[in-house]
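First the structure, in the form of structure tokens, and then the observations on it.
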Amino acid sequence: MMKSTHIKLSKNALQSNWDFLREYFNDTKISAVVKGNAYGHGIEEYVAMAEDCGVNHFSVFNAEEAARVQKTVSSATTIMIMGAIEDSDLEWAIANDIEFYVFNMERLTAAIKAAKQVGKEALVHIEIETGMYRTGFEPAMITQLADVFKANTDTLIFKGLCMHFAGAESITNYFRVKKQKINFKRAIKQFKNAGIQPQMIHTCCSAAAVRLTDMHYDMIRIGIMQYGFWPSPEILIEYLNKYKTVKSPLRRIISWESKVMSLKTVPPGEFIGYGSSYFAHQEIEVAVVPVGYAHGFSRSLSNTGHVLINKMRAPVVGTVNMNCVIADVTNIPNVEINDKVTLIGEQGNQEITVASFGELSSQLNYELLTRLPMDIPRFVV
């Protein structure tokens with residue numbers, strides 16, 4: 001059965017993005033962050049594309065995402081869980097060489113127990129609290145951590161030491177981020193003085209990787225940039241000014257499409273759709289598109305959003321429904337049933353970007369993308 005809407009992913013655009021990222025970050029090792037269903041792009045589809053582009057390290061949020069990645073990639077690819085993993089899943093992770101963050105003693109103790117059950121070392125990344133105040137060991141626990149590692153060399157491998165910056169995408173967080181840098185560098189010294197060192201150190205997300213080149217260490221974790229988006233307009237403007245260019249080198253890999261389901265003439269003096277949010281002052285032609293807020297097209301785009309039909313912009317009129325939107329096509333010639341409708345992407349010289357949705361619906365790029373339902377088919381083109 002055909003779905004009423006689908007998403008296309010451009011492999012050429014993705015290759016272009018990865019070529020840029022490798023050159024821009026001087027071939028620093030990059031972990032592709034694919035949490036949130038690969039930022040809405042689809043883990044299975046995106047990871048396969050990325051691996052074809054030479055990516056061999058993926059970061060996810062939880063064990064469920066890790067399992068989805070594992071089923072898609074080759075055995076030579078590394079998978080790292082940055083967030084949730086149940087104690088009951090630790091044995092599976094260890095047996096399958098899945099690396100995972102440890103940010104409290106309860107998880108470290110459970111990892112040791114699971115490793116003993118499996119008969120194999122757990123590949124752990126110790127997250128340190130530097131000022132994010134979300135997850136991470138307090139620096140005062142470093143001596144205790146060192147003792148645990150020394151006493152469990154048969155069950156623990158200190159694979160990585162890591163942290164997360166609290167808002168590197170905005171200059172308003174400058175002093176907080178600066179303090180985090182100081183705290184993390186101090187933690188590195190504390191581990192060294194305690195007699196243990198990680199195999200690798202990593203701290204940077206996309207925004208931090210752009211701004212904090214002194215914090216790249218052994219690996220950076222790139223999320224939003226690989227999909228063709230900058231972490232914030234501020235970061236993009238900095239890049240454009242630095243390199244004296246007016247065009248972003250990143251390319252969006254996602255486009256979202258549907259088609260015209262129905263056409264109708266609305267006489268003057270009538271309301272359109274539910275309620276009375278849109279009043280037709282004159283006769284207008286409207287097209288019904290079988291996409292609504294159940295598909296991730298936000299209800300807040302009622303009477304403010306646009307779609308593309310026949311290479312022209314068509315404003316959304318009336319309230320966005322659960323499964324359809326209505327677009328005004330009065331000024332678009334020759335619209336017919338089954339004509340392609342672009343919700344995100346390009347038609348001719350017109351484009352509707354994810355950012356345009358964000359501006360109109362008060363959603364971040366990240367939020368809108370990850371809200372795209374998993375059951376919308378994704379196709380690689």
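Checking each residue in region 279-295 for being open to solvent by 20 Å² or more (accessible area, probe 1.4 Å) and more than 18 Å from ASN323 (Cα to Cα) picks out PHE279, HIS281, GLN282, GLU283, GLU285.
Within region 30-43, one or more residues are of a type in the set (Val, Ile, Thr), over 26 Å from PHE137 (Cα atoms) and in contact with a Lys or Arg (Cβ under 7 Å, 6 or more places away or on another chain). Candidates in region 69-79 are the residues that are in contact with a strand residue (DSSP E or B) (Cβ under 8 Å, 6 or more places away or on another chain) and open to solvent by 30 Å² or more (accessible area, probe 1.4 Å); of these, the one that is farthest from VAL381 (Cα to Cα) is THR78.
Scanning region 40-53 for residues that are in contact with a strand residue (DSSP E or B) (Cβ under 7 Å, 6 or more places away or on another chain) and not in a helix (DSSP H, G or I) turns up HIS41, GLY42. Counting the residues of region 154-172 that are open to solvent by 40 Å² or more (accessible area, probe 1.4 Å) and modelled with pLDDT under 95 gives 3. The strands (runs of 3 or more DSSP E) found wholly in region 191-303 and carrying at least 2 residues that are under 32 Å from the mean Cα position of the chain (by Cα) occupy 200-202, 219-222, 254-259, 284-289. Can we say VAL60 is in contact with a Phe, Trp or Tyr (Cβ under 9 Å, 6 or more places away or on another chain) and either surrounded by 23 or more Cβ atoms within 10 Å (Cβ to Cβ) or farther than 26 Å from ARG211 by Cα (or both)? No; evaluated as a whole, the condition is false for this residue.
What's the total number of residues in region 250-278 that are of a type in the set (Phe, Trp, Tyr), open to solvent by less than 80 Å² (accessible area, probe 1.4 Å) and more than 20 Å from SER298 (Cα to Cα)? Residues meeting the conditions: 0. Restricting attention to region 23-44 and to residues that are modelled with pLDDT of 95 or more and open to solvent by 60 Å² or more (accessible area, probe 1.4 Å), the residue that is farthest from ALA208 (Cα to Cα) turns out to be GLU44. Restricting region 181-194 to residues that are out of contact with any helix residue (DSSP H, G or I) (no Cβ under 6 Å at 6 or more places or on another chain) and either aliphatic (A, V, I, L, M) or modelled with pLDDT under 95 (or both), the residue that is surrounded by the most Cβ atoms within 10 Å (Cβ to Cβ) is ILE188.
The values are calculated or read from the model by the stated rules, or taken from the named source; none is laboratory data. Note that the structure is predicted; figures quoted are calculated from it, not measured. Positions of Cβ are generated from backbone atoms using ideal geometry, with glycine treated the same way; all protein chains shown enter the neighbour counts. Note: areas computed on protein heavy atoms with side chains; ligands, DNA, RNA excluded. Shrake-Rupley method; radii C 1.70, N 1.55, O 1.52, S 1.80 Å.
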